[in-house]
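To start, the structure itself, in structure tokens.
The values are calculated or read from the model by the stated rules, or taken from the named source; none is laboratory data. Computed from a prediction, not measured in an experiment: that's the story for all the values here. Cβ coordinates were reconstructed from backbone atoms using ideal geometry, including for glycine residues, and neighbour counts include every protein chain displayed. Heavy atoms of the whole protein, side chains included, go into the accessibility calculation; ligands, DNA and RNA do not. Shrake-Rupley method; radii C 1.70, N 1.55, O 1.52, S 1.80 Å.
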Amino acid sequence: MTRPSTTPATAGEVFTLIRSGSATTRSEIGKLTGLSRTAVSARVAALQSLGLIADDDEGPSTGGRPPSTLTFANSSGVVLVVAIGRSRAQLAVTDLAGTIIAAEDIDKSVGVGPDELMPEIAEHLSSLLAQVQRSSSEVIGIGLSIPGTVDVAAGASLDSPMMAGWDGVALAPYLASVTTAPLFADNDANVMALAELSERRESAPNLLMIKASTGLGAGIVMGGILQRGSLGASGEIGHTKTAAARGMKCRCGDVGCVETVASGWALVHALRDQGRSVGHVRDVVRLALDGDSEARRLIRSSGRLIGDVISGAVNLLNPEVLIIGGDMAEADELFLAGLRESVYGNATALATRKLQIASVSHGAQSGILGCAVLVLDHLLSAREIDLRIAASPQN
């Protein structure tokens with residue numbers, strides 16, 4: 001690849017080549033960017049001054065002295081991640097490549113407010129940092145996800161009936177005792193979409209991520225870019241109206257939402273109404289996997305009903321892949337069978353001609369890995385690296 005622009009490649013762009021593995025030696029950087037040896041050396045030196053890259057073992061020789069190999073110093077800092085769900089919060093520490101170093105789950109009761117949960121999260125994050133022997137000064141950022149619409153700029157829930165007591169409450173101050181690093185917040189389905197994009201950036205730059213758990217949501221990626229919409233409310237599929245729920249009251253206060261018949265909470269209530277002892281959609285999934293006929297019927301029906309709703313999105317967006325995550329994805333054989341039935345039956349033949357439908361790549365860790373990507377894609381972007389270099393004392 002050659003750089004299309006006539007503007008010389010910046011240090012940040014050189015870092016992107018090294019971080020992605022596209023270039024591992026100074027000569028490769030020169031070939032890809034057209035920079036002179038002196039210019040490459042200057043940019044490499046600037047990156048080394050930030051501790052972002054290092055000279056590793058010598059590379060293969062092509063005659064003469066073997067070239068040194070440049071590597072991304074992914075252990076030079078850490079990221080804290082917090083994926084808050086409606087019944088549990090997943091916490092982790094990752095390195096700068098997004099690899100999980102330590103992780104922990106916190107079970108919580110549905111409806112707990114930020115004043116109760118966030119201090120507990122802060123305490124557990126501090127414990128995780130101590131466990132991996134890293135200091136707060138080594139944290140470059142915090143990635144946090146919550147259900148519902150998120151005000152990304154404010155780092156707070158936005159007008160979400162499912163997050164009572166959270167709307168408009170800035171979450172970064174709760175974690176100031178852990179680190180002063182910046183906090184990046186987004187919707188739970190959006191961060192899962194980011195995790196998938198990091199795996200499929202070349203093969204599927206257009207993807208639709210469906211989270212089917214206690215609630216329902218979607219993350220939309222078009223042209224390799226996450227689409228949040230004008231108010232950050234894109235992907236709120238759970239409150240799309242469906243004939244199957246006509247007249248039925250949703251927990252959001254409206255009627256006719258697909259969540260009333262297809263979400264995890266709806267399946268739990270359906271089994272409870274039959275006298276069954278279930279507390280969470282994970283219990284429904286376990287029953288289904290153990291062969292319970294009613295649980296299996298409900299999960300397949302859920303997939304079919306959600307497929308009815310998202311068929312229009314498949315026609316509208318024409319993604320390469322439709323990815324299913326969340327607790328109901330654990331019963332993928334059943335859930336995906338119902339979803340495929342509706343999507344392939346209702347979407348156009350052209351939109352589904354090459355459409356792949358698959359479960360998330362990282363299973364239950366998809367949310368926390370997506371939170372890490374949320375931080376890293378911002379703080380390790382070429383633009384941010386160039387700003388850091390410009391602000392460094394050497395400049």
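Observations, loosely collected:
- Net charge of Cβ neighbours under 15 Å - reference H124; Lys, Arg +1; Asp, Glu -1: -3
- Gaussian network model of the chain, springs between alpha carbon atoms under 10 Å - residue of D167, D254, D151 with greatest fluctuation: D254
- Ordering of 73-80, 35-42 by burial proxy (mean other Cβ atoms within 10 Å per residue, highest first): 73-80, 35-42
- Projecting the Cα atoms of V360, G338, I121 onto the dipole axis of the chain, where Lys and Arg carry +1 and Asp and Glu carry -1 at the beta carbon, places G338 farthest toward the positive end.
- Rolling a 1.4 angstrom probe over the stretch 68-191 with all protein chains present gives an accessible area of which 49% lies on carbon and sulfur atoms.
- Crossing angle, helix 37-49 versus the chain [Cα axis fit, 0-90 degrees, rounded to tens]: 60 degrees
- Net charge of the neighbourhood of L175, taken over other residues with C-beta under 13 Å away and scored Lys/Arg +1, Asp/Glu -1, is -2.
- Accessible-area composition of the stretch 200-304, carbon plus sulfur, in percent [1.4 Å probe]: 49 percent
- Amide H to amide H distances under 5 Å link L35 with no residue, where only residues 5 or more positions off or on other chains count and H is placed in the peptide plane.
- Excluding ligands, DNA and RNA, the accessible surface per residue across the stretch 137-247 is 39 Å² with a 1.4 Å probe.
- Helix axis angle, 366-379 relative to the chain longest principal axis, alpha carbon, degrees: 40 degrees
- When both bridge partners sit in the chain, DSSP labels roughly 60% of those beta bridges antiparallel.
- Degrees, to the nearest 10: 264-273 long Cα axis against longest axis of the chain: 30 degrees
- Distance between the pseudo-spin-label points of D386 and V255 (7 Å out from Cα toward the beta carbon): 5.6 nm.
- For the stretch 291-361 versus the stretch 27-59, the spacing of their alpha-carbon centroids is 46 Å.
- Relative contact order (%) - criterion: Cα under 8 Å, at least six apart; region: the stretch 78-163: 31 percent
- Protection proxy ranking, peptides 350-360, 139-149, 81-91, average beta carbon neighbours within 10 Å, highest first: 139-149, 81-91, 350-360
- In this Cβ point-charge picture (+1 for Lys and Arg, -1 for Asp and Glu), the chain has a dipole of about 960 debye about its Cα centre.
- Straight-distance crosslink candidates among lysines, where the alpha carbon sits under 22 Å from K108 and sequence neighbours closer than 8 are dropped: K211
- Relative contact order [Cα under 8 Å, 6+ residues apart], the chain, whole percent: 15 percent
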